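Notes for the one structure printed next.
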């Protein structure tokens, strides 16, 4: 409703006919709908693209009564966007999350083209009603219009194809938060599919309603026709429903105006907009009062979490409602927030201000959404703006945040280390927490920024500060090491507080030492030590110096840090004795600090003792608590939980922070590593000494040499998925990948160099050997060798996952009866793309031989690059399994034509002919040949192509066929592959991986010794080296495990613990030849029988003894009666079976005696049990491998039992 102006004059003549060049204006009284007072956060902005985090309640662009209160309107009003800003996609008004804008036509065209082609991967998160099922849930129901004017959709057969994948993140039984990935982009797709599955979105006033039927539209069972349903929806959601009151005279007034248009006095066209009245009598909104909206009218728990393609990726943080109780981010969802820019002035002019919304607004604004999820390297590499640093600083200074969050913000600022960070840290010294102020001073010292000196001097002079805070300020001045601090340190080295005085004396000596020596006291733990280390290497001498109360603190500190750097169990035990030195609380405090650095459980008892001692100085107890948090064993965690409510505030807070650190130490993802970079929480950085060559070719002369694989290359080849857990931990800790050259690698290198050509079929190599001989490591070395020579790489880290780790399955539409693994196929394509980045340009120039029709819509035309097959599979997971087969086919063809050299490496390749845990539709287990991906890998392992090499690893953990060990060893290719797999790979060249030679084991030992990977001091001696070699049997796995210090480096072989280290034996045959070998069903049955019958015979003897003791008189009478009757031959006795033959009268007499009946039953049970035991012993002897210690013991115990009972029998 408004006014029409023609050429500047208000038009009231309804019969006026427009003329050429007339200028027509429509003036109306606009009412903006209210929106929530939330900022629009900028995620990324450059010359072509603007990415924002859209808050709920705002539409994307102007529509209806929304104009200024829109994302576009706010961006332009705040001069954050120009008039050429273009919307790339849209989100509903109540939806929040990622929103992309193009800044020019070219970008708009490029992005919308990729969107139309389906190359965008869109991930949302939503909260639904009910307990959503675990695992992946797919919904591919078509979606069509229900009420076109309102944009409301529903599941209907004539709708457009739509596909959504749901995965539960967490649930409390009543509601669930679900991650949703959509392959299509239909209107309201997630809301409609969630409704169809029976889990509608919470607060969804359209689709979560009984208007759709009793089950709210579950399974599209609406109970009425589409026309009836549309009418119900239309009536219940029309705009008139918002009216609470309407002026009763309004309709009549409008009729009067319409009847007398020619009498209306035109408005003055010269009135400025700001001078116009705030109400308009002809405006409908001015004549009605609308209902107060509820929070559900402004937002809905649906958030666009991530948009990405292969070229770019943008992600927001999880909203508060998507986090589990306590505000924690669910582990299943990566949360790596992008630094955001807050725009406080972006508040819509007409924001609604009722009490409920104000409460919501305040709770939202209080949460700065600072989540600590980066890796440490990312923090160090990132370039922070002043706004970013200010964000961290505000969290640090805001007492509303929990202490652990403020600590994390503190260590971010410490890692940034600039003057602005120093200012923010300085502003936090007004806090009431002594622990926090102590850490503030510590961080200022570790930053070594001289701009921190004034605030540290102020804290040192302030005698109202706690002694532990003043002491840390003095230590920080010494850590900075500026000569200008000498005067104040001299002044306070005689302070009444002994902790402060001793600290200032040490800090002064440190500055003098730095001036004289020109060195610094940096430690291998990335911290600044108060003193240098001692020159002595004797643990005994250092230990005595440490606890000698007559020596100055300077010398005792030197011994302390030297013992820490030696870092053996013996040195840590000596170090822990310093906690019992009662002369100095400062000294005990520092001892606890360095024990936290080494993180050894050896010192747990001593730390616990000091923490439990309530009379101990609080600064000592606080350091003990944080050290226990760094050690992070279960025992330490229980101690910290006990003292989390200690009467000393600094101890309570230290336990809180320590428990947070313990949780980090025990987590898999280590997501807090970047921000808890404090000295006591860091892993030791090993001092690297010798550098090893980076070889790309190998000969026999290289065997036994160590060589290095570039760490960045290792990451590109995804070695984190290839290596065993112990090697992965080693690589991550040492930040390098160094391995030894062995004979199998040289043989593979020789084959790759001399045998591979277009004229020779692809050579197949099979790596075999018993457990722990380095088959997987050799394969990873071969992968790196192929990468170094620019080969195309097809590598799978374990084929067992193809048959055992299928998270979700689909029936193939290409091959009837085949079973697809969409997730597994996508992972294969992602790995292929990642591992072949060095060759991607070459691969993108190789054309497809034929046209591949993936679906009715999707196809890859003949002549298109083969890399497009990869992109199709990554963008559409339901097509990925077929894309893998097509990719392998094209790679084989181009390798045979000489355009590329192809390397195929498959670990656990014998699993392609092994066991499957997937069931068919008839609930029977599928065969490996039923799995699409397994078939693809079988095909690429055929030698029907040339100019390449196939390296397959076989391992006994997937034993395809059990045969007689007398005929074949259990880990040979014939045994592990089975007949079918052997025939498929035949002919092939077997390469056996054996134990280390003395040259190889010596090279590995020297490397570990050089990198300080060997943890025990005795292992560093020649006798210790020899003992480890022979204790491990020269087995690579067990030798590396011993060097690493034991069970902490134990890898996982499937789901079982590896067997004990094998003895190095020249003979390869088992000690005892058995009929069927160990672990057969006969062996299991025999052992069960022998245990059961042995126990039965033993129990029956006990029963006889009990009844004999209880009813001795009755027993004697019965025995006497039986002896008498036997002697007169009235009772026949069969000595062979121990059975008395009594007549009916005798049985009747004896039957009255209860004891006799029980005795007789027990006696007969014992007799029959004895003969059964003999049979079982014979059966076990014929079927069981008795070389196993436990089985041998059970067998001979029962043999002894049988002999005793047999002797007793013949005596009787």
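Read-outs: derived from the displayed coordinates by stated rules, not from any lab. This one's a predicted model, so the numbers in the text were calculated from it and none came from an experiment. All Cβ positions, even for glycine, are placed from backbone atoms using ideal geometry, and neighbour counts span all protein chains on display.
Some points to look at:
- Residues 406, 23 arranged by fewest to most Cβ contacts within 10 Å: 23, 406
- Share of Cα-Cα pairs in the range 856-966 lying beyond 16 Å, as whole percent: 69
- Packing order of peptides 732-738, 178-184, 761-767, highest average first: 761-767, 178-184, 732-738 (average count of other Cβ atoms within 10 Å over each peptide's residues).
- Order of 622, 20 under a 10 Å beta carbon neighbour criterion, fewest first: 20, 622
- Using equal-weight Cα scatterers in the Debye expression, the normalised intensity of the range 859-916 in log10 at q = 0.22, 0.25 Å⁻¹ is -0.97, -1.05.
- When you restrict to C-alpha pairs under 8 Å that are six or more residues apart and normalise by the size of the range 536-681, the relative contact order lands at 18 percent.
- Using only Cα coordinates, the Kirkwood hydrodynamic radius of the range 375-520 works out to 15.6 Å.
- Shape analysis of the range 536-681 places it in the oblate category; the axes a ≥ b ≥ c from the Cα gyration tensor give an a/c of at least 1.5, with a/b not above b/c.
- Relative contact order %, the range 742-992, counting alpha carbon pairs below 8 Å whose residues are six or more apart: 31
- The range 31-118 - Kirkwood radius from inverse mean 1/r over Cα pairs (Å): 13.3
- Spatially, the range 928-951 and the range 803-840 are offset by 14 Å when compared through their Cα centroids.
- In terms of surrounding Cβ atoms within a 10 Å radius of their Cβ, 922, 310 rank from fewest to most as 922, 310.
- Normalised contact order of the range 375-520, rounded percent, pairs of Cα under 8 Å and 6 or more residues apart: 16
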